[in-house]
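The values are calculated or read from the model by the stated rules, or taken from the named source; none is laboratory data. Remember, it's a predicted structure, so these values are computed and weren't measured experimentally. Virtual Cβ from ideal backbone geometry, glycine too; neighbours counted across all protein chains shown.
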Amino acid sequence: MLQLSQVEAMAMTPKELREIIRKGWTGITHNTCRGYGQADMVVVPKEYAFDFLLFCNRNPRPCPVLDVTEPGDPHFKRMAPEADLRTDIPKYRVFKNGETIEEPSDIVKYWQDDMVGFLIGCSASWRWSLRAANISWRRYGAYRTTIPCVPAGRFHGPMVVNFLAFKNSHDAVRAVQISSRHPLLHGPPVHIGDPADIGVKNLGIPDPSIPYQIAAEPPKPAEIVMSWACGITAQIAAVESKIPFMITHCPGRMFVTDRLAEELAVI
């Protein structure tokens, strides 16, 4: 597999990153293309596109829509017009009837003229701003919660969240302030405090329903734990709803847009 140093990854432009993805790079995108907005991706047949758009509209915290393609068009005109959603994500997940059947490096063979693509803003985009503000944190990855999403058509399921732990109240407050400027990238936290209150009883032990998560040390007593809504909610909805066909990105392997996160922020 192609290798990138962290310095190389951060300095890349989205266009440069897509070029190496097309050459076979399948790594995590969170630390690539410093400052650029990243997004979860969902592709469904036109038959289910309205229901999914309505699901996003009713659940804007986990599923804030950045862009939607025309049926059969693999280009996100607003966020990255030169990118091809079929080839420009490091790894994809293909669902049939709620089951993952493949995790390919491109989805060209699955593409049909009735496919509609959605980009959902990702909180990894504003973590560059946390670094710029000299805020440190520990990330726990994604977990299913007991917070129900508002159903729409066939789509239903629980909200998925990402947890961050902060060492003091100053850093936690600044994280709330910074993330609140980014409603298109999940906005402020959906919960602050004991993860068990929203159904996560063993923070640090990866959620078995969400792949590619890494075990971590449990939060320290003095740390402030907060959770942000996560776009993997859409993948869990595919599982819970047993959608006949749906394609998404793999967790951690995002679609990197041509728009800076600050371009998407509230002024």
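Step by step: first the residues of region 155-173, then only those that are among the polar types (S, T, N, Q) and more than 15 Å from the chain's Cα centre (by Cα), then the one that is surrounded by the most Cβ atoms within 10 Å (Cβ to Cβ). Which residue is that? Write out each step before concluding.
First, pick out the residues of region 155-173 that are among the polar types (S, T, N, Q): 162, 168-169.
Then keep just the ones that are more than 15 Å from the chain's Cα centre (by Cα); that gives 168-169.
Numbers: 168: 12, 169: 10.
This residue is 168.
Inspect all residues belonging to region 110-121 and state whether any of them is small (Gly, Ala, Ser), over 28 Å from residue 151 (Cβ atoms) and assigned by TED's automatic domain parsing to the domain that holds residue 240. Quick ask: steps written out before the conclusion?
Within region 110-121, the first condition is being small (Gly, Ala, Ser), and the residues that meet it are 117, 121.
Remaining after also requiring over 28 Å from residue 151 (Cβ atoms): none.
No, the conditions are met nowhere in region 110-121.
Do you know which residues across region 36-68 are assigned to a loop (DSSP other than H, G, I, E, B) and surrounded by 19 or more Cβ atoms within 10 Å (Cβ to Cβ)? Steps first, answer last, please.
First, the residues of region 36-68 that are assigned to a loop (DSSP other than H, G, I, E, B): 59-64.
Matches in region 36-68: 59, 61, 62, 63, 64.
Report the residue count in region 164-197 for those that are on the phi > 0 side of the Ramachandran plot and of a type in the set (S, T, N, Q).
Looking only at region 164-197, we keep the residues that are on the phi > 0 side of the Ramachandran plot, and these are 186-187, 193.
Still in the running and of a type in the set (S, T, N, Q): none.
Selection size over region 164-197: 0.
Residues being in a strand (DSSP E or B) and in contact with a Phe, Trp or Tyr (Cβ under 9 Å, 6 or more places away or on another chain): count how many of those fall in region 134-177. Explain how you work it out, then say what you get.
Filtering region 134-177 for residues in a strand (DSSP E or B) gives 138-148, 152, 155, 158-166.
Still in the list and also in contact with a Phe, Trp or Tyr (Cβ under 9 Å, 6 or more places away or on another chain): 138-143, 152, 155, 160-166.
Final tally of qualifying residues: 15.
Just to be sure, is residue 33 within 21 Å of residue 210 (Cβ to Cβ), buried (at least 20 other Cβ atoms within 10 Å of the Cβ) and either in the same structural domain as residue 249 (by TED's automatic domain parsing) or not hydroxyl-bearing (Ser, Thr, Tyr) (or both)? Write out each step before concluding.
Working: within 21 Å of residue 210 (Cβ to Cβ): no; buried (at least 20 other Cβ atoms within 10 Å of the Cβ): yes; either in the same structural domain as residue 249 (by TED's automatic domain parsing) or not hydroxyl-bearing (Ser, Thr, Tyr) (or both): yes.
Considered against the rule, which asks whether it is within 21 Å of residue 210 (Cβ to Cβ), buried (at least 20 other Cβ atoms within 10 Å of the Cβ) and either in the same structural domain as residue 249 (by TED's automatic domain parsing) or not hydroxyl-bearing (Ser, Thr, Tyr) (or both), residue 33 comes out as no.
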